[in-house]
1. Looking at region 22-33, I want the residues that are in a helix (DSSP H, G or I) and have a partner that is modelled with pLDDT of 95 or more and surrounded by 10 or more Cβ atoms within 10 Å (Cβ to Cβ) with Cβ atoms under 7 Å, at least 6 apart or on another chain. Which pairs are those?
2. Of the residues Glu93, Glu99, Glu77, only one is under 24 Å from Ile167 (Cα atoms), without any contact (Cβ under 8 Å) to a residue 12 or more places away in the chain and loosely packed, with under 13 Cβ neighbours inside 10 Å; which?
3. Can you pull out the residues in region 53-74 that are open to solvent by less than 60 Å² (accessible area, probe 1.4 Å) and of a type in the set (A, V, I, L, M)?
4. In this structure, does Ala50 turn out to be at pLDDT below 95 and either of a type outside the set (D, E, K, R) or open to solvent by 70 Å² or more (accessible area, probe 1.4 Å) (or both)?
5. Among the strands (runs of 3 or more DSSP E) contained in region 50-168, which hold 1 or more residues that are more than 30 Å from Lys178 (Cβ to Cβ) and aliphatic (A, V, I, L, M)?
Amino acid sequence: SIMKQENKKKQFSDTAVKELEKKIQELALTIDKLEDEKLQIENQLKKALADYHNLVKNSEKRDEIRIFQFKKNLLEEIIPSLDAVMMAQKSSEDLNLNEAGKSWLDGIVAILDSINRSFEGMGLKQYVPLKGDIFDSNMHEAVATVVEGEKGKIFDVVQPGYQLNEIVIRPARVVVSK
């Protein structure tokens, strides 16, 4: 009877061991499955984060383009007035102004300088090509041609050109030798 009890214990323990081994295998499979799911979720999160960063970058680029376009439109409206004031200032050099007139003109020039600095702060740069520079259709607009001078070179400058953030928004208007 002691033998029977030991046999039962051995039988019970063999069955229990087999059941435990089966449960361990099931748990190992569950762990593997959970690790795979975790990797999938991590990859999905990484992809979502990359998509988010790309969206932010694209949004920032669109904002930069909108701001540039706004500045360009505004400055294109103002540039002709700026040209007119500068032409008036330049033509005033031919006038015989008294001291009060000279002081007034100096004030206007100071205001123009201040306006130009403000525009420069927005990214606007005025450029004036030199007489004798080679004509470049990307930077210059030929408003007339003359037979004097060296062919293909700038003979005279009619109006300065303007760039916004290094992009020409109005070419310098020039007279070219042909």
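The values are calculated or read from the model by the stated rules, or taken from the named source; none is laboratory data. Note that this is a predicted model, so its numbers are computed, not measured. No Cβ is skipped: glycine too gets one built from the backbone with ideal geometry, and neighbour counts run over all protein chains shown. Heavy atoms of the whole protein, side chains included, go into the accessibility calculation; ligands, DNA and RNA do not. Shrake-Rupley method; radii C 1.70, N 1.55, O 1.52, S 1.80 Å.
1. none
2. So the residue among Glu93, Glu99, Glu77 that is under 24 Å from Ile167 (Cα atoms), without any contact (Cβ under 8 Å) to a residue 12 or more places away in the chain and loosely packed, with under 13 Cβ neighbours inside 10 Å is Glu77.
3. Val56
4. no
5. The qualifying strands (runs of 3 or more DSSP E) are 124-127, 161-164.
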